[in-house]
Every structure is written in structure tokens, then in C-alpha cells.
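Report on the following structure.
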Amino acid sequence: MNRKWIISFFVAVCLPFLSGCWSSIELKELAIVSAYALDKKEDGTYVGTFQLINPMNVPGALQGGASGQKPSIATYTATGGNPLEVADNASTKVSRDLYFAHTSLLVISEELAREEGLSSILDAMERGLEFRTTTNIVISRDIKAGDFVQVLTAIDQVPAEKAIKSLDFTEKLYGENIATNLQKFIKAAVSTGKEPLVSGFIVSGDIEKAKTMEQLQSSEGAATIEVNGIGVFKEGKLVNWIEGEKSEGTLWVLDQIQQAPVDIDWEGQKEAISYKVIRQKTNVEAKTKGGKPVISVKIRAEGDLRAIEVPVNVTDPHVLLRIEKVLQEKIKDEAEATIQEAQKTKTDIFGFGEKLHQSEPDNWKKLEQEWQDVYFPALDVDVTVEAFIRRTGMRNNPYLFDLNKKSD
Amino acid sequence: MSYRKFLKKMKPKEQRKDLEKVEQKSIGTSITENLNIIKQKTGNSPDIIIRMLTFSHDPEVSTAIVHVDGLVDNPTINEFLVQSMEDSVQEKLEEKDLFKVFSEKVVAVSSLETLKDWDSLFLALLSGDTVILADGKNEALIASTRGGERRLVEQSDSEITLRGSKEGFTESINTNTALVRRIIKNPNLWVESMNLGKQTNTDLSIMYINGIVDTDIVKEVRQRLARVNLDAILDSGYIEQVIEDESSGLFPTITHTERPDAVAGNLLEGRVAIFVSGTPHVLIVPAVMIQFFQTPEDYYVRFPISTLIRMLRVFMFLISLIGPAFYVAVTTFHQEMIPTDLLVIIASQTESVPFPAIVEALIMEVTFEILREAGLRMPNKISATISIVGALVIGQGVIQAGIVSPAMVIVVATTAIASLATPNYDIAISARLLRFAFMLSAAIAGFYGIILGLIMLIVHLASLRSFGIPYLTPLAPLEWKSLKDTIIRGPIWSFNERPESLHPQNPVRQGKNQKPLPPLKRRMVRADTKEGDKNES
């Protein structure tokens with residue numbers, strides 16, 4: 001009994017000293033990387049820019065902190081042969097351990113995405129312990145990715161947060177872009193029946209000024225970060241940009257619309273009636289007819305009228321039916337235009353191939369090899385749209401309609 | 001005689017020799033000698049009161065009344081003993097057997113008995129009974145006159161409920177057993193008395209319900225009590241420590257309560273209560289872990305509410321066990337688990353703190369333990385000062401000086417509140433000690449260390465027994481039927497069986513179909529009357 005206690009006592013005492021504090025690291029020793037930008041130099045090496053959060057300068061984090069006087073981020077640049085080597089090289093400049101578990105944004109420059117593709121980069125990211133597969137990927141258009149992560153933002157103290165939030169909100173409220181994370185990208189990239197999409201960002205304004213505190217001292221700011229376009233990838237490389245209405249059409253077909261405005265022309269007047277989608281469902285059916293694949297896309301939209309700029313009697317159900325018809329045409333046009341564009345570039349961004357794989361796996365095996373280059377461009381896609389006006393908003397007839405009646 | 005007295009005062013050692021000389025087993029016939037023995041044995045203590053009564057018609061026959069001041073009920077002695085004996089002096093005593101006359105005609109107290117040996121005489125005398133000695137009699141009459149100043153039945157300080165009885169046990173064992181008897185009016189409520197403690201001669205009772213309790217448990221309790229040979233028993237805690245199963249473990253295997261309703265409830269489940277004179281804390285055996293998260297009030301409020309509260313208690317216990325450990329692990333090993341915004345806040349707070357998280361946690365925890373201990377032991381008037389100083393030291397000073405981060409203060413404060421909210425102090429204090437072990441294991445190996453500690457803890461708990469009952473019953477071993485009174489508290493109408501693990505002789509608790517059955521039609525009780533049927537709106 002006594003010996004048992006003595007032994008267990010010694011084990012208990014020795015244990016902490018023998019094991020040490022394995023892999024323990026204090027918060028003070030971490031440099032939290034919020035965004036990681038990758039550019040490419042002419043000599044083929046990568047240039048990585050790290051956006052680090054400087055916790056002491058994040059307003060609200062600490063009472064009486066140096067909020068609003070210093071930037072809440074710090075950036076460091078390093079070069080290397082692959083993305084992780086870049087990170088290793090950066091540690092000579094940063095006094096702390098670069099910590100990637102909270103990296104929410106991976107910015108790739110357009111140049112790099114077009115020339116080299118993302119395949120080799122993403123492997124290192126996914127293989128690494130700290131990187132999350134939920135990290136969002138974006139492409140910086142026309143500017144260096146390194147410059148993009150150096151731009152300060154006013155409302156969101158950490159610029160990476162701002163980029164992700166605007167991505168999420170435009171996807172949700174506007175339906176013109178798409179948030180893609182590592183996982184989604186890789187899944188689509190390895191699938192033969194689908195190609196990945198990545199949102200693009202531009203910075204408009206004076207970039208150099210936007211990197212300094214001047215950016216935050218005026219209400220307008222020297223430059224703004226904007227979501228712009230959806231990048232289409234083929235075999236891991238950026239091949240095309242989808243923009244404007246076409247990008248909305250992409251989201252219609254992809255069943256990704258949550259809320260989106262649709263403006264229609266009415267009696268010759270451009271964009272006279274604005275409609276807002278509140279619920280949407282897209283069903284894609286893939287079949288083969290005589291060895292040829294046939295795709296039918298059924299879009300069902302439901303929404304409210306938002307603004308009416310022409311005198312129209314919306315209390316009349318027949319008028320509403322006519323509006324619905326125009327809406328259907330408009331959505332159909334958008335969707336078909338996008339599909340045609342995709343067929344032109346031979347990229348099945350909608351995952352039609354995947355659908356066919358699911359519905360007819362045997363036939364898919366025959367088509368798989370030449371799907372992107374032969375079958376998809378020649379595809380016969382039948383788009384049917386069913387639009388429904390749930391409410392006319394908080395008013396019945398527009399003021400204009402009532403005014404006209406008075407003058408009659 | 002005076003020479004002896006002189007010697008006694010001068011040389012205490014001599015006195016012992018004298019005592020040995022007069023050491024006699026049974027009472028002698030001479031009253032003076034008997035009284036001398038009493039005086040000698042009690043060292044002539046002034047609170048031993050001896051009153052001589054002589055009968056005028058027969059001066060040869062003298063009697064003496066002996067009692068201890070303060071332990072007896074004075075009105076009883078005055079009215080029913082002294083007064084009536086003096087009255088009887090006027091009468092002519094024809095009967096030869098004086099004690100028979102006394103017990104049948106003169107002394108009007110509830111209980112009278114005759115004793116012949118000194119040991120029981122002293123025990124009775126010191127318990128508050130009055131001893132009547134008579135010349136020529138080699139026995140003593142013991143009149144039950146126990147009384148004196150005692151604390152009244154008050155509300156228990158340590159176990160407070162909003163609903164339910166406000167009565168709490170007192171220091172008097174008779175009052176305590178009576179409080180339980182008042183709840184369970186059943187002849188099967190059996191009490192066994194014994195006397196333990198070589199010096200203190202403390203009264204001790206075990207109580208159980210015959211016909212419900214497993215006789216093996218009672219036998220086990222008797223056996224364990226029989227081998228108790230302590231010098232003194234000042235509280236039920238002494239008994240607890242010599243009869244419990246695991247004396248060196250951190251977890252209590254015997255529970256105690258100050259509430260008669262809690263004792264009654266446990267007796268009805270088939271447990272045994274041990275009352276100890278001089279303490280309001282009544283021991284209950286066997287005890288299982290889950291009991292420490294239950295209060296009598298759980299059964300008085302409706303079951304969904306008490307279920308939620310019980311879950312909350314287990315949650316609080318977990319917080320008080322691993323709260324700071326969790327924080328230390330998450331900030332030094334698993335930073336990826338903290339949401340980014342929160343991480344930035346915590347990081348900005350720890351930026352200026354010079355210590356690692358574990359040192360911070362230890363500083364705060366030790367400070368808190370010091371404050372708690374100080375607050376507990378200080379007189380009420382000073383404890384207010386302590387709380388002010390504590391609030392300033394913890395709340396303001398430490399943070400402003402940048403020694404501890406505000407997040408750590410929040411964690412420690414939450415842990416402290418959670419620990420104080422655990423209903424049973426015994427289990428809360430176990431968690432309080434184990435918390436430090438968990439903090440260290442978290443600092444060494446993060447969540448891995450915490451999980452390792454929890455596994456070891458559960459293994460230890462599963463190995464414990466309380467009077468033959470596994471400590472984690474009914475969770476391990478699993479008893480489906482008893483599960484409805486664990487972390488969840490099922491409805492009263494579903495408690496048809498007593499807990500299986502206690503092997504009750506009569507396992508059926510109540511009639512079936514106790515669920516209330518309201519009428520199918522939702523109508524008012526007085527629907528027949530004219531006013532009644534308009535009530536439903």
C-alpha cells in the first residue's frame with residue numbers, strides 16, 4: 001500500500017517535467033494571419049504577402065487601446081518556391097509564429113491564376129496542418145494580390161473580414177457572385193463533370209494611399225474593395241470572367257440565388273418594374289436521348305415587387321400574370337446567355353456532367369472523357385422558368401397609376 | 001475525611017488512588033457512601049447538585065436527589081420531584097419499599113427506572129436524568145428530566161429551499177428523531193440507539209424503515225459502528241470518517257443533511273440515517289454520486305423544471321471542475337477553436353500580461369480560494385470588508401496592473417459562481433481541489449490532458465463503493481428503471497418503484513396510474529350552473 005503510493009507520487013511529480021508542454025504556445029507568441037496573398041514573380045518564385053492582425057490596435061478589443069490611431073493589421077512579404085516555403089521565409093521577418101488556422105482569405109492574383117493555375121498551390125494549403133479547408137479563395141483582378149491585402153478598410157477593422165463579408169452579402173442579397181472555399185474548389189476541380197468558380201475582387205481608387213491611415217480618416221476613403229465578376233476555371237487555370245447579368249444567370253442555374261433583384265422593361269420603358277426574388281429553386285435534370293445528353297433546367301422563383309415606375313394596375317391579376325411572363329422571359333434569357341457563354345469556353349461550370357453522372361452512371365462513363373470539349377458545348381439545354389409574384393409590396397397600385405386616373 | 005479532602009487538593013495523584021479504592025461496580029446501601037462516590041467521581045464539580053431530603057417522622061430514612069445543573073429541566077424537578085416528595089413527607093409512609101411508593105405515588109415524571117451499577121448511573125446523570133438515592137437501598141431511581149437550554153428548531157442555513165419545510169435539525173438527538181417521526185408516522189420507522197466515544201459517551205441513533213430497507217445494509221451499518229472505538233465524537237463528521245468506504249479519496253461516499261424531509265425521503269428509498277447527538281448533520285448511507293446533485297426541493301416543484309435545474313447543476317459542476325483548465329487548454333494549445341473575433345479580443349488582452357496562461361490561472365484561482373476562505377471564517381462584520389477588498393483586488397487592481405487578463409478574471413469568476421452553486425458542499429469542494437489538477441494537466445497536454453484526467457476521474461468514481469453500492473449507480477451499472485430520478489427528474493406519478501440498487505424489501509413504492517386524469521371535455525368544474533358555463537372564453 002505504502003509503496004503503491006510512493007510510486008504513484010513519483011510518477012505524478014515526474015510527469016509534468018518529463019513531458020514538458022508539448023506543442024503549447026501562448027497567444028502572445030502567435031501572429032494571427034487573417035489573409036494570405038500570392039503573386040508570382042518573373043523568375044517563377046512566389047511572392048507571399050501576409051496580413052497579420054495586430055490585436056492591440058483592433059478597436060473594441062481592449063479598453064483604452066490604441067484604436068483608430070494605428071492600423072489594425074500589419075503586412076509582411078516574403079518569397080519562396082512554394083506557398084509554405086514562403087511562410088517559412090517570412091518567419092525571419094516576423095517575431096512570432098505565423099498562425100494560419102484563422103486565415104479566412106486566400107487571395108490569388110489574376111496573373112498567377114491564369115498562368116500557373118491553383119492546383120499546385122492548393123495542395124500545399126490542404127496538406128498543411130493549420131490551413132483550413134474553409135478558407136475562402138478570391139482572385140484579385142488587375143492588381144497584385146499583395147496590394148489587395150494591404151488596403152485598409154473602414155468599418156471592418158480587419159480587411160480580410162471585410163472581403164469575406166461583402167462576398168457573403170452580395171451572394172445573399174444580390175446574387176452576382178459566389179463564395180468559394182478551398183474545399184469547394186478542390187471538389188469541383190477534381191470532378192470531370194464540373195468546373196470551379198471563384199469570385200474576383202477589384203480595388204478602385206488610389207491603392208498607395210489606401211494602405212496608410214489616410215484611408216480611414218476620411219468618410220470616403222482613398223480606395224474601396226469591390227466584388228467584381230466570377231472567374232471560371234478549367235483544369236485549375238483561370239480561363240474566363242463572367243460578369244453582370246451573366247453572373248446572375250450562373251447563380252440561377254446553380255440554384256444559389258437567395259435574394260436577387262430582377263428588373264424588367266415594361267411598355268417600352270427600360271427597367272420599369274423591379275422584382276425581388278425571395279425564394280428560388282432550380283432543378284436540373286440530365287438524360288440521354290439516343291446517346292446524346294439532354295439537359296432540362298427548371299427554375300422556380302418567388303418574390304415581391306419592389307418598385308414600379310410606370311402606371312400599371314397591379315390589383316388586376318391579369319396584369320400580374322403578364323408581369324410574371326415578362327419576368328420568366330428575362331430570367332430565361334439570363335440563364336441561357338450564361339449557358340451559351342459557358343459552352344463557348346467549353347467549361348461546364350454548372351455541373352451538368354455531375355448530374356448526368358448521378359442519373360445515368362453507365363452512359364456517363366462513355367461521355368466522361370470528352371464531356372468538356374465535345375459534349376458540353378453541343379449540349380441542348382432546355383430552360384423553363386416559373387416566376388411567381390407573392391406580394392406587391394406594402395402598396396397596391398403605384399402613385400403614377402392613381403395620378404393618371406385622376407386626370408382621366 | 002477532611003484530611004482526605006486536603007490530600008485530594010494537594011496531591012491529585014493521591015486522588016486517583018482513592019478513586020481506584022472506591023471503584024465499585026454496583027451501588028452500595030449507605031447513602032452517604034454513595035453520595036461520596038458520586039462527589040469523588042465527579043471531582044466535586046459544583047454543577048453536580050445534590051439535595052438531601054429527610055423525612056421528619058423517620059429521620060433515619062433519608063433520600064437524596066442528584067442532578068446536573070443545566071442539563072435538566074428545572075420546572076420538572078421542582079414541581080414533580082422535590083415538591084411532591086416533600087408533600088409525601090407529611091404523609092405517613094407505611095410501605096416499606098420506598099422506591100415503589102415513589103414510582104407509583106409520588107414522582108410524576110414520564111419515565112422512571114431503577115439502576116444498580118455505577119456506569120449506567122453516571123451515564124444517566126450526565127445525560128440529564130435525575131438520580132434518586134435512598135438510605136438502605138442498593139439501587140438508584142432514575143427519573144427522566146432531560147432538558148435545559150437548547151437551540152430551537154430553526155431553518156437550516158446550509159440547505160435552503162424556496163419551497164418545502166423550513167425545519168432544520170438541531171443539536172438534540174431526540175428532537176431530530178422526533179422531527180423525522182413527525183413526517184413518517186409509521187411504526188415501522190425503527191430507531192436503534194447506541195453510545196459511542198470513550199470520553200464523550202455520545203448518543204447515536206440509526207434510523208431506518210423496517211420492511212423497506214435492505215437488512216444487509218443495516219447489518220453493515222451496525223458492524224461498522226460496532227468497531228468504532230474513538231475517544232471523542234464531536235460531530236457526525238467523526239463517525240463519517242471512520243465508517244466510510246474510501247477514506248483517502250476526494251469524493252464523499254456518505255452524504256449528510258440538515259433537513260428532516262431529506263432524511264425522510266432517503267429512508268423511504270431504503271437508506272439508513274445515522275443521528276449523532278450534538279450536531280444537526282445527519283448522515284445518510286449508502287450515498288451515490290448523483291445524490292449530491294439533488295435537493296429535496298427537486299421533488300416539490302414540477303418535473304420539467306427540476307429536470308432542467310438538475311442538468312444545470314451537472315453543467316455547473318463540470319464548469320467548476322474544468323472551467324479554467326478549458327480556458328488554459330484552448331488559449332495555449334487549440335487557438336484554432338476560438339472564433340477569430342474572440343481570439344483577437346483575448347489576444348489583445350493577453351498582449352501585456354507577463355505570465356503564461358497557466359500561471360495567470362493559478363494566480364487568480366489561489367487568490368479566489370484565499371478570499372473564499374477568509375470570507376467564510378471571518379465574523380460577518382469583517383467579511384464585508386473582505387469582499388470589497390477582494391472586488392477591488394480582483395476586479396480592478398489585477399487587470400489595471402496588467403498582471404492578469406480580463407478574460408481570465410471572467411473565467412475564474414464564472415467558475416467560482418458555478419462552484420458555489422453546486423448544492424452539496426462536499427462535492428463542490430472535491431471539484432475545487434480537482435480543478436487545480438485539471439489546470440495542470442491542461443497546461444501540460446491541452447484537451448488531451450483534460451480528457452485523460454476525466455477518464456481517470458470516471459474510472460476512480462466507478463471503482464468507489466458506498467456500503468456495497470457502486471458509486472455511479474444507477475448510471476453505471478445501468479438501471480433503466482432508476483434513471484428517471486438521476487440527472488432528469490421524472491414525474492412523481494412515474495416513481496412506481498424504489499431504487500433497485502438499494503435492494504428494498506418492498507420495491508413497490510406507490511399505486512400505478514398515479515398520473516392525473518383530467519376530464520376529456522375541457523369544461524369548467526361548475527359547468528352545470530348558469531354562471532359556470534360562461535367562464536370558458
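Coordinate-derived values only; no laboratory data. Not measured: the values here are computed from a predicted model. FYI the Cβ positions are ideal-geometry reconstructions off the backbone, even for glycines, and counts take in every protein chain you see.
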Rounded to the nearest whole number, the Stokes-Einstein translational diffusion coefficient of the stretch A:297-350 at 10 °C and 1.306 mPa s (Kirkwood radius, C-alpha pairs) in µm²/s is 118 µm²/s
Rounded to a whole number, the mean other protein chain Cβ count within 10 angstrom for residues of A:100-109 is 2
Shape call for the protein assembly as shown, from the Cα gyration tensor axes a ≥ b ≥ c (a/c under 1.5 means rounded, otherwise prolate when a/b beats b/c, else oblate), comes out prolate
Computed over the stretch B:385-494, the Cα gyration tensor eigenvalues, each multiplied by 5 and square-rooted, give semi-axes in Å (largest first) of 36, 20, 12
Computed over the stretch A:318-393, the convex hull of the Cα set has an average projected area, in nm², of 6.5 nm²
The Cα radius of gyration of the stretch B:303-463, divided by 2.2 N^0.38 Å with N its residue count, comes to 1.10
Heads up, the stretch B:146-253 by the C-alpha gyration tensor (a ≥ b ≥ c square roots of eigenvalues; a/c under 1.5 rounded, else a/b over b/c prolate, else oblate) looks rounded
Rounded to a whole number, the mean other protein chain Cβ count within 10 angstrom for residues of B:329-342 is 4
Distance in Å, no decimals, from the C-alpha centre of the stretch A:236-265 to the one of the stretch A:87-166 is 25 Å
Checking rank on B:33-42, A:105-114, with mean other Cβ inside 10 Å and highest first, the result is A:105-114, B:33-42
Ranked from fewest to most other Cβ atoms within 10 Å of their own Cβ, B:190, B:118, A:252, B:480 fall in the order B:480, B:190, B:118, A:252
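Name the shape class, rounded, prolate or oblate, that the alpha-carbon gyration tensor gives for the stretch A:129-180, where a ≥ b ≥ c are the square roots of its eigenvalues, rounded holds for a/c under 1.5, and otherwise prolate holds if a/b is larger than b/c and oblate otherwise.
Verdict is rounded for the stretch A:129-180.
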Projected convex hull area of chain A, Cα atoms, direction-averaged, in nm², equals 32.1 nm²
In whole Å, largest first, the alpha carbons of the stretch A:24-242 cover along the principal axes 55, 41, 32
Rounded to a whole number, the mean other protein chain Cβ count within 10 angstrom for residues of B:434-444 is 2
Check: C-alpha center the stretch B:157-223 vs C-alpha center the stretch B:342-362, spacing in Å is 52 Å
extent check for chain B: Cα max minus min per principal axis, descending, whole Å, gives 103, 80, 46
Along the stretch B:400-413, Karplus-curve 3J(HN,Hα) (6.51, -1.76, 1.60; θ = phi - 60°) to the nearest Hz, with x for Gly and Pro, reads 5, 6, x, 8, 10, 7, x, 4, 5, 4, 4, 4, 5, 5
One quarter of the C-alpha convex hull surface, i.e. the mean projected area of the stretch B:409-462 in nm², amounts to 4.1 nm²
Mean separation of Cα contacts under 8 Å (at least 6 apart) over the residue count of the stretch A:24-242, i.e. the relative contact order in percent, is 19 percent
Taking the alpha-carbon centre of each part, the distance from the stretch B:226-285 to the stretch A:310-363 in Å is 78 Å
Listed with the fewest Cβ neighbours within 10 Å leading, A:174, A:36 appear as A:174, A:36
For the stretch B:208-217, in residue order, the Karplus 3J(HN,Hα) values (coefficients 6.51, -1.76, 1.60; θ = phi - 60°; whole Hz; Gly and Pro = x) are 7, 9, 5, x, 10, 5, 6, 4, 5, 5
Dimensionless Rg/Rh of the stretch B:95-219, both radii on Cα and Rh by Kirkwood, sits at 1.06
With x for Gly and Pro, the residue-by-residue ³J(HN,Hα) of the stretch B:106-112, computed from phi through the Karplus equation 6.51 cos²θ - 1.76 cosθ + 1.60 at θ = phi - 60° and given in whole Hz, is 9, 7, 10, 10, 5, 10, 9
Stretched fully, the stretch from residue B:521 through residue B:478 gains (0.36 nm per residue minus C-alpha distance, one decimal, in nm) 11.4 nm
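Counting only Cα atoms, I'd like the Rg/Rh figure for the stretch B:265-328, Kirkwood definition for Rh. Can you show the working numbers first?
Numbers: Rg = 15.5 Å, Rh = 14.2 Å.
That ratio is 1.09, to two decimals.
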For chain A the mean separation of alpha carbon contacts under 8 Å (6+ apart) over residue count, i.e. relative contact order in percent, is 12 percent
For the stretch B:130-169, averaging the sequence separation of alpha carbon pairs under 8 Å that lie six or more residues apart and dividing by its residue count, the contact order in percent is 28 percent
Sorting A:377, A:107, A:95 by the position of each Cα along the dipole of chain A (Lys, Arg +1; Asp, Glu -1; all at Cβ), the one nearest the positive end of that ordering is A:95
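List A:56, B:456 from most exposed to least, where exposure is judged by having the fewest other Cβ atoms within 10 Å.
B:456, A:56
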